[in-house]
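Please treat every number below as a calculation from the coordinates, not as lab data. Quantities reported herein were computed from a predicted structural model and do not represent experimental measurements. All Cβ positions, glycine included, derive from the backbone under ideal geometry; neighbour counts span all protein chains shown.
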Amino acid sequence: MYCAKNLTSLRLSNPGSGQGIFFFLAFLSCIPLANWMVGNVGVTCVTDGPCLIPVFPSIMAPSGVLMIGLALVLRDLVQRRLGPWWVLLAIAIGTVLSALLAPSALVIASASAFILSELADFAVYTPLQKRRLVLAVVASSVVGLIIDSFVFLQLAFGSTEFIVGQMLGKAWMVLLSLPVIWWLRQYESRKGLVPV
């Protein structure tokens with residue numbers, strides 16, 4: 001009963017709930033965007049395969065890794081603004097979206113990698129977030145991106161040959177988000193906002 005009540009109440013009196021809804025929707029939009037990018041955005045597109053982008057000199061990765069890296073950070077921000085029940089709802093919806101939007105040959109790999117990496121991110125982020133936001137985002141995202149990359153590649157292709165490119169592509173998005181996370185922490189301090 002408490003879970004359902006908490007999910008239906010956005011606590012609109014909380015000044016951060018508007019940001020939380022934005023983060024929630026942005027998180028969910030990463031999934032279709034990642035699936036679209038894999039087939040449409042890259043410096044080269046493999047016939048019947050993904051479009052690739054360089055993530056480091058001589059290392060390529062499917063372009064969707066950028067959105068998955070961003071999703072890991074946005075998941076943390078949803079939790080910071082709306083709380084853990086909203087994150088679990090977002091992960092559930094994201095898993096369904098991932099399964100529905102993935103190419104048929106990759107449905108199990110995509111959905112499994114998504115749910116396992118996001119739950120791992122949740123488990124690492126939750127105890128750290130109130131004390132050290134930047135550390136919580138980095139640590140949880142690194143754990144999430146490793147699990148996502150390993151599970152996806154193993155289930156989809158039976159090989160982890162491209163794991164370095166997968167992890168680097170996601171890591172770049174996490175690193176690029178850190179100035180925003182730092183600014184958000186400063187904003188919270190100035191406004192007296194407390195994580196949910």
Checklist entry - Which value, in Å³ per residue, describes the convex hull spanned by the Cα atoms of segment 139-196? => result 80 Å³
Checklist outcome for this item: Relative contact order in percent for segment 105-196 (Cα pairs under 8 Å, 6+ apart) equals 30 percent
Checklist entry - Could you put 44, 160 in order, starting from the residue whose Cβ has the fewest other Cβ atoms within 10 Å? => result 44, 160
Checklist entry - Given 99, 68, 133, which one lies farthest toward the positive end of the charge dipole of the chain, if we put +1 on the Cβ of every Lys and Arg and -1 on the Cβ of every Asp and Glu? => result 133
Checklist entry - Taking the inverse of the average 1/r across all pairs of different Cα atoms in the chain, what Kirkwood radius in Å do you get? => result 17.0 Å
Next on the checklist: Can you list which of the DSSP-assigned H helices in the chain have a Cα extent of 24 Å or more along the long axis and an average Kyte-Doolittle score of at least 0.5?
Outcome noted: 17-40, 65-82, 84-101, 107-128, 133-157
Item to check | Normalised contact order of segment 16-188, rounded percent, pairs of Cα under 8 Å and 6 or more residues apart | outcome: 24 percent
Checklist outcome for this item: Per segment 61-122, sqrt(5λ) over the Cα gyration tensor eigenvalues, sorted largest first, in Å, gives 21, 13, 9
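Which order do 164, 174 fall in if you start with the one that has the fewest other Cβ atoms within 10 Å?
Working: 164 14, 174 21.
The most exposed by this proxy come first: 164, 174.
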Next on the checklist: For a quick check: sort 114, 150 by the number of other beta carbons within 10 angstrom, fewest at the front.
Outcome noted: 150, 114
Item to check | Per-residue [θ]222 nm for the chain (sum of -39500 (n - 2.57) over DSSP H runs n ≥ 4, rounded to 500) | outcome: -25000 deg cm²/dmol
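Give me D for segment 26-96 in µm² s⁻¹, whole number, from Stokes-Einstein with Rh from the Kirkwood sum over alpha-carbon pairs, 20 °C and 1.002 mPa s.
In µm²/s, the coefficient is 164.
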